[in-house]
Amino acid sequence: MALKATIYKAHINVADLDRHVYIDKSHTLACHPSETVQRLMLRLITWGLNADEDLLFTKGLCDTDEPDLWIKNLSDEIELWIDLGLPDEKRLKKAAHRAKKALIVAYGDNAAPIWWQQNKAKIQQYGNISVMFVNDQTLAELEDLTERSMQLQLTIEGEQGWLNAGEKSCTINPEWWHRA
């Protein structure tokens, strides 16, 4: 019998003081059986850090042709492609060629720095891929905030985020490895 996805509901209020973006949105997220809760929360926080009315979650792990999140224009062209993890060279090329801008959100304190050293030159050549790293401690703190139904407040200022979930909170301070 196949395992089913676990459903999470998150209402997130984003106040991005740097970009002057203020969005209040509810999301229903499916956590695929092969996905960790940390990665689920990273998807949600990545949405918040890039909050836009047109930024959508995709089928993600269920469809290898799609990124985790994207913005498409009215002509069905991909404006922004967001992948989480450590994509291989083929995936990086796909992101660079199919989207105007791409963002890779790397994570994993042990593997990510090695992946970055192996792919840095190629990513810099493409010219439209940015890479952001989120450390394991932040992922653990995000997991601690996780509930099946969440009310979240994300405030962003100076490229740092503060996530509040009732009595619990987490500071999100991603490290930019490359900006396109």
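The values are calculated or read from the model by the stated rules, or taken from the named source; none is laboratory data. Just so it is clear, the model here is predicted, and its values are computed rather than measured. Backbone-built Cβ (ideal geometry, glycine too); neighbour counts: all protein chains shown. Quick note on the areas: whole protein, heavy atoms, side chains included, nothing else; ligands and nucleic acids left out. Shrake-Rupley method; radii C 1.70, N 1.55, O 1.52, S 1.80 Å.
Descriptive notes on the structure:
- Leading residue by the ranking (nearest to Asn173 (Cα to Cα)) among those in the range 6-49 that are of a type in the set (Gly, Ala, Ser) and surrounded by 14 or more Cβ atoms within 10 Å (Cβ to Cβ): Gly48
- Test: residue in the range 19-35 that is hydrophobic (A, V, I, L, M, F, W, C) and in contact (Cβ under 8 Å) with a residue 40 or more places away in the chain: no
- Among the residues listed as Asp65, Asp76, the single one being closer than 18 Å to Arg43 by Cα and either part of a loop (DSSP other than H, G, I, E, B) or of a type outside the set (A, V, I, L, M) (or both): Asp65
- Asp83 passes every criterion in (1) under 19 Å from Asp136 (Cα atoms); (2) open to solvent by 70 Å² or more (accessible area, probe 1.4 Å) apart from (2).
- The strands (runs of 3 or more DSSP E) found entirely in the range 108-168 that carry 2 or more residues being more than 18 Å from Leu86 (Cβ to Cβ) are 149-157, 160-165.
- Only one of the numbered conditions (1) under 24 Å from Cys170 (Cβ atoms); (2) at pLDDT 95 or above; (3) within 15 Å of the chain's Cα centre (by Cα); (4) open to solvent by 10 Å² or more (accessible area, probe 1.4 Å) is not met by Gly60, and that is (2).
- Of all residues in the range 86-115, those satisfying the criterion of being in contact (Cβ under 8 Å) with a residue 60 or more places away in the chain and either within 19 Å of Asp136 (Cα to Cα) or open to solvent by less than 30 Å² (accessible area, probe 1.4 Å) (or both) are Ala102, Val105, Ala106, Tyr107.
- Hits in the range 116-155 - residues which are surrounded by fewer than 20 Cβ atoms within 10 Å (Cβ to Cβ), without any contact (Cβ under 8 Å) to a residue 40 or more places away in the chain and not charged (D, E, K, R): Gln117, Gln118, Ala121, Gln125, Gln137
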